[in-house]
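Notes to accompany the following structure.
Please treat every number below as a calculation from the coordinates, not as lab data. All of these numbers come straight from a predicted model, not from anything done at the bench. Neighbour counts run over all protein chains shown; Cβ positions are idealised from the backbone, glycine included.
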Amino acid sequence: MYVVVFLSSVILLLYFILRHKLRYWERRGVPCIRQNFLSSELDWLIKDKSRFQYFKDIYDELAPHKYGGYSVMPLKIMIRDPEYIKYVLTKEYDSFSSREKLFFTKTDPLTHFIFNLEGKEWKDTRAKLTPGFSSGKLKHMFELISECASEMDQTINITAEKTIDVTKFLRLYVMNVIFTCTYGLKVNKMENGCEIFLKMAGLIRGGSNFSKKLANFFFILPSAIRHYVTSSAYGTYSRDFFKKIVLDCIRHREENHILRNDFLQIFMTLMNADDETKWTIDKTLAHGILYIMAGFSTTTSAISFLLYEMAKHPHMQEKLLQEIDQAFQESDGNLDYDTVQKPVYLNKIISETMRKYCIIGSFSRRCTTTCALPDGFVIEKGTAVVVSTSGLHHDPQYYPNPLKFDPERFNEENKNARHPYVYMPFGAGPRYCIGERFSILMIKAATMTVLKKFSVSILPENDFEFIFMPNKLTTEVEKINLQFKPRENMKKNLLII
């Protein structure tokens, strides 16, 4: 009898504690999405939603408010107003200088890459890595990107019109660029190169659907729990294999006095530098993982969606083809750093692709010091402040008819008329994506290489709005089939060159 009473009392107490917690945002008078479980982000996994759609739905549901709560365990608030976003990301950066950590565990040094670092450690690491993404460094590194684009071109060996899944050869291209520019490895020339890459990708997330969902589940747990989860949740089976390859590359370069314009050379220089914050082999491995994780699926998807939109809009494609032809003529047919800077219309197309497809559906900052928003509402320390890029990029208030693909949204007049914080494909503020320019160079090199020789079109059965893949951290589709046709006038252009 006493046991039943005791257990009933405990259950009742837990119920009232949970009920009190779930009403956190309501008690504070904040617009919110009503909570019915530990975290609304479970919808992302349970309902198999894409992150693009998940964060857009929250953004839309919280309209027209400037901000609103949507999770209590852990505490998360979404900021919708661009001035408030600017306030959090830039003006009050010192109070929101931390991120929600990505697959981070305190006991695993290979998860201690710049994305997950905080305070002085982040500042020191950012200062060490930033020179590697300068215009001068990228200009030298572009030779490697151009080589990979040329090798990609050779794989599209067709002489007549043919249907091609662009995601297949673009995955190989992006994979090749990342490994070439990071470790000097030409994956496409290695035996079983694709399998090697998949093993390395396993460092970040497991290969099976269950492993991916498990990793995503740990990602939405409160940090107090997540930071102590064993790293086996993130696919550790290939770590020794990956480490051996990197150490072999370093040893080969040191023994043969090889210098290359790539990221490994930058890491090696940092490891040999005599300063207070020693760069270690673990940091080299961790940032190699980051470059794979941040660059592979994001860049592949961006190029794929761009080509898809060109196939859907022949008039835009024709304008772009003329611009590309002109750029190649002025550079004697060479794809170099200066060549990819010339097409102005291509810049607009890339920006509009990033807007419409919003490869990263959201990003966040964690409040490190209790801080008041401009209207006086106080955000407590530890609260995650989330920005829905998919919501902002598809808000008719900023982009009328948001599903329409319109590169002229990004002409100078329209850009100047919009608030700068309603377009953030690479984030904003001091912690914006360090690899933005590197990614854009990969996109430009691939696009110009493909459209130099081929025009693309789309069959009626493939002309539809995509449903993005669920349980992915980025916006992806399984495949994109396009019609490739060798350009008749290309031979004439080559003769002119």
If amide hydrogens are placed 1.01 Å from N in the peptide plane, which non-local residues have theirs closer than 5 Å to the one on Arg487?
Phe454, Ser455
With θ taken as phi - 60° and the coefficients 6.51, -1.76 and 1.60, list the Karplus ³J(HN,Hα) couplings across the range 458-465 in order, rounded to whole Hz; mark glycine and proline as x.
9, 6, x, 5, 9, 9, 7, 6
Report, as a whole number in µm² per second, the diffusion coefficient that Stokes-Einstein gives for the range 268-427 at 20 °C and 1.002 mPa s using the Kirkwood radius over alpha carbon pairs.
112
For 244-254, 162-172, ranked highest to lowest by mean beta-carbon neighbours within 10 Å, the order is 162-172, 244-254
Rank by packing, highest mean first: peptides 23-30, 450-457, 319-326, with packing defined as the count of other Cβ atoms within 10 Å averaged across residues.
450-457, 319-326, 23-30
Least to most buried among Glu276, Glu476 (fewest other Cβ within 10 Å first):
Glu276, Glu476
For the range 241-359, the Cα-Cα pair-distance distribution in 5 Å bins from 0, as whole percents, is 2, 9, 13, 14, 13, 11, 11, 12, 10, 4, 1, 0
Rg and Dmax of the range 392-497 over Cα atoms: what are they, in angstrom?
17.9, 49
Which whole-Hz ³J(HN,Hα) couplings does the range 353-363 yield from phi under the Karplus relation 6.51 cos²θ - 1.76 cosθ + 1.60, θ = phi - 60°, glycine and proline marked x?
5, 5, 6, 5, 9, 6, 4, 10, x, 6, 8
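Ranked by Cβ crowding within 10 angstrom, fewest neighbours first, how are Glu380, Glu488 ordered? Spell out each step's value before the answer.
Details: Glu380 12, Glu488 8.
Arranged by neighbour count, lowest to highest, Glu380, Glu488 become Glu488, Glu380.
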For Arg366, list long-range residues whose amide hydrogen, built 1.01 Å from N in the peptide plane, is under 5 Å from its own amide hydrogen.
Ser98, Arg99, Glu100, Val385
Post the alpha-carbon centroid distance, the range 56-85 to the range 135-168, in whole angstrom.
40
Can you return the aspartates and glutamates within cross-link range of Lys128? Criterion is Cα-Cα under 18 Å, with same-chain partners fewer than 8 residues away left out.
Glu118, Asp262, Asp274, Asp275, Glu276, Asp282, Glu436
Between Ser71 and residues 5 or more places away or on another chain, the pairs with built amide H atoms under 5 Å apart involve Lys76
